[in-house]
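In what follows, a single structure is set out as structure tokens and then discussed.
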Amino acid sequence: LVCVADEYRARGLSVPKRLSLATAEAPLAEPLRGAIYFEPCTIARSKHLDREGARAAAEAWAGGRLGSFRWEGALATCCGAGGDYPLVAPEGARLAARRILEAAVARGAESVVVGCGQCAAHLRRSGDGLPIVVRAVGEL
């Protein structure tokens, strides 16, 4: 899958800006229903990134309000795709992602929307057998 938002990363654009551009360039044909937003830890833990802007761009792309996890902002959790985690502790990284997806299913979500293509790919690889779809903002 091609994630337009990730292509904007190479241009040095801010997260909300690249998600906003991706929303305009690769809109969904139909709004996502039953979707929950996973805030990547790189956005959640940064003091320099516009968390609300990133979420607003994700909601604009998804076509409506997205549900929330209980761990966002200062309580954000890593999906396991960050840094060397998947290389150093692959099973731990897989379990971190699996826990997020299981929590989404338990909340009744049909899909998880992520503002990071790397996180989305990792979550997909870790969700075997779970009835949930993972989408990255701006995914074609």
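Read the figures in this text as sums done on the coordinates, not as results from a lab. All values reported here derive from a predicted model rather than from experimental measurement. Here the Cβ is made from the backbone with ideal geometry for all residues, glycine too, and neighbour counts use every protein chain on show.
Overview of results
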| quantity | calculated |
| --- | --- |
| Qualifying trypsin sites (Lys or Arg not before Pro) for the stretch 92-140 [loop in DSSP, other Cβ within 10 Å: at most 15] | Arg107 |
| Magnitude of the charge dipole, the stretch 30-140, Cβ model with Lys/Arg +1 and Asp/Glu -1, debye to 20 | 180 |
